[in-house]
Amino acid sequence: MTKLNYVFMVLKEHPYGREMLRQLLASGFEPRAIMEEDSPIGDEEREKFLTRIKGFPVAPTFTEQLKERSIERYSVPHHNKKESRELLERLKPDFIVLGGTRIIKPTIISIPKDGMVNSHPGLLPECRGSASVAWSIYFDIPIGCTVHFIDPNIDTGAIIKKQTIPVHRGDTYEKLCWETIALAGELMVYAVDQWTKGTLNGVPQPAGKEALKVAPTDVLEVVYKKLRDGTYKHFVD
């Protein structure tokens, strides 16, 4: 396996990033280094995602996946602080892949010469921000994922590829969240493959709504009810 000059940035043991890394390694796209943020925010985000996919399989931990691999692994307290910036300036990655992080600041975004990409678990520009599956159901937006370049705003960078997920009657919120994690990994594999071939391009996004926040309890109640009652507008059957 050829090691590529990219860095995989992720919150510590994030299930979203674990699945993405699993797919990247299985496709032969081994990063030069992994940079994990070990922070209270990281712990909170990890638990949110584990709750959303409760009952569905989680990819092996980073420790398990990196066993017998010579991939550098670094722990930082905050992806946007001086320690992270200095580490990236020393590593000099051509490219950065985000596997579930906080919002990244321009001082970090500007470091890789070929850019930074994210695989968002929602369709852009229709559903920016957090808890995309919940808001998609709440607002009757199709569910899917979008791999895109990172810019200084939230989920507004040029779109590389996006794909919808078919929603069947009887599907649960947890199942759909799990499917977005799997699809996000597939789209990131596509993006990295295009990067290795020198054919990675993005299409600027049209204007869209502002980024959404974490879905509150009353919104989730509507989401569960629409799935249970079959009133979500984008079932395929």
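Key figures for this structure:
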{"item": "Residue ID - surrounded by the most Cβ atoms within 10 Å (Cβ to Cβ), chosen from residues in the stretch 153-183 that are within 14 Å of the chain's Cα centre (by Cα) and more than 19 Å from Gly208 (Cβ to Cβ)", "result": "Ile181"}
{"item": "Residues being in a loop (DSSP other than H, G, I, E, B), surrounded by 14 or more Cβ atoms within 10 Å (Cβ to Cβ) and modelled with pLDDT under 95 - total across the stretch 37-68", "result": "0"}
{"item": "Every pair of residues 6+ apart whose Cβ atoms lie under 7 Å, when the first sits in the stretch 1-25 and is in a loop (DSSP other than H, G, I, E, B) while the second is modelled with pLDDT under 95 and of a type in the set (A, V, I, L, M, F, W, C)", "result": "His14/Phe49"}
{"item": "Verdict on Ile34 being modelled with pLDDT of 95 or more, over 15 Å from Val97 (Cα atoms) and under 16 Å from the mean Cα position of the chain (by Cα)", "result": "no"}
{"item": "Scope the stretch 1-38; condition farther than 17 Å from Thr61 by Cα and in contact with a strand residue (DSSP E or B) (Cβ under 8 Å, 6 or more places away or on another chain); matching residues", "result": "Met1, Thr2, Lys3, Leu4, Asn5, Tyr6, Val7, Phe29, Arg32"}
{"item": "Residue within the stretch 93-101 that is under 28 Å from Leu176 (Cα atoms), out of contact with any Phe, Trp or Tyr (no Cβ under 7 Å at 6 or more places or on another chain) and either free of Cβ contacts under 8 Å to residues at least 60 places away in the same chain or surrounded by 14 or more Cβ atoms within 10 Å (Cβ to Cβ) (or both) present", "result": "yes"}
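The values are calculated or read from the model by the stated rules, or taken from the named source; none is laboratory data. Only a predicted model underlies this, so the values are computations on that prediction, with no experimental measurement involved. All Cβ positions, glycine included, derive from the backbone under ideal geometry; neighbour counts span all protein chains shown.
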